[in-house]
Amino acid sequence: MVELGPGTGKLAARLLAERLQPEARYLGLDVSPGMVALASERLAPWGGRAEVRRVDGSLPLPVADGSCDRFLALWVLDLLDDELSAGVLAEAARTLEPGGLLCVAGLARGPGGVARLVSDAWEALCRFRPSLVGGCRPRELALPASFELRHRRLVTSWGITSEVTVAARLP
Ligand SMILES: C[S@@+](CC[C@H](N)C(=O)[O-])C[C@H]1O[C@@H](n2cnc3c(N)ncnc32)[C@H](O)[C@@H]1O
């Protein structure tokens, strides 16, 4: 499993502890040295099965073609510009084995009511003062043709909407 932008490694620890097979291996790639240190410390109990590496934000990612069965990017693509975000999805297609699953979560446009007001305000804020919202903004995921959509759901919590997408790498 490869995760782009694992942050503190909280999800990875939970997956390793509760979900993944004993032989599964995890690789996290993050641009922040602080996050790499925190995630590495959190994942230390899994020894050689879990590794977190610092990347410089450029592509390609240091992952071999077709070498992983899961590729996660959670609340990361909404930080990147459109070109880099499309590049990351192309990298997910390159590194996933056929049938492997991509999971992306990120800020999305609210479906209506308060959620829509919040996402519109967020977008406006990000246009004028990106630093106030950490540079992330609601966006629509453009899934490349090399994936088949398996699951897409909007989740709104405290007025903030995220979209969760799961897609399979076509052979
Ligand atoms: C908003 S945090 C999300 C962390 C984690 N995925 C979560 O859901 O809690 C974004 C993370 O992505 C990392 N990041 C930002 N741009 C990146 C890039 N181009 N490549 C890899 N990691 C990146 C940040 O350092 C940070 O750890």
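Key figures for this structure:
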{"quantity": "Solvent-free Debye scattering, log10 I(q)/I(0), computed from the Cα coordinates of the range 124-167 at q = 0.14, 0.27 Å⁻¹", "calculated": "-0.47, -0.97"}
{"quantity": "The range 1-50-the range 102-171 distance, computed between alpha-carbon centres (Å)", "calculated": "24 Å"}
{"quantity": "Sequence ranges 39-47, 96-104, ranked by mean other-Cβ count within 10 angstrom, highest first", "calculated": "96-104, 39-47"}
{"quantity": "Of the GluC sites (Glu not before Pro) in the range 77-171, those whose Cβ has at most 13 other Cβ within 10 Å and which sit in DSSP loop", "calculated": "Glu140"}
{"quantity": "Unit charges at the beta carbon, dipole of the chain: most positive-side option, Leu27, Leu117, Leu107", "calculated": "Leu117"}
{"quantity": "Qualifying chymotrypsin sites (Phe, Trp or Tyr not before Pro) in the range 66-159, DSSP loop, other Cβ atoms within 10 Å at most 11", "calculated": "Trp158"}
{"quantity": "Shape category assigned to the range 1-56 from the gyration tensor of Cα positions, a/c cut at 1.5", "calculated": "prolate"}
{"quantity": "For the range 16-171, diffusion coefficient by Stokes-Einstein and Kirkwood Rh (Cα), 20 °C, 1.002 mPa s, µm²/s", "calculated": "127 µm²/s"}
{"quantity": "Local electrostatic count, Leu29, Cβ distance below 12 Å [Lys/Arg +1, Asp/Glu -1]", "calculated": "-3"}
{"quantity": "Cα gyration tensor shape for the range 79-160, rounded if a/c is under 1.5, else prolate or oblate", "calculated": "oblate"}
{"quantity": "The range 94-133 - Rg and Dmax from Cα coordinates, angstrom", "calculated": "15.5, 41"}
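Each reported figure results from applying straightforward, stated rules to the coordinates on display, with no laboratory input. Nothing here was measured: the structure is a model prediction, and the numbers come from that model. In this analysis, Cβ positions are derived from the backbone assuming ideal geometry, glycine residues included, and neighbour counts consider all displayed protein chains.
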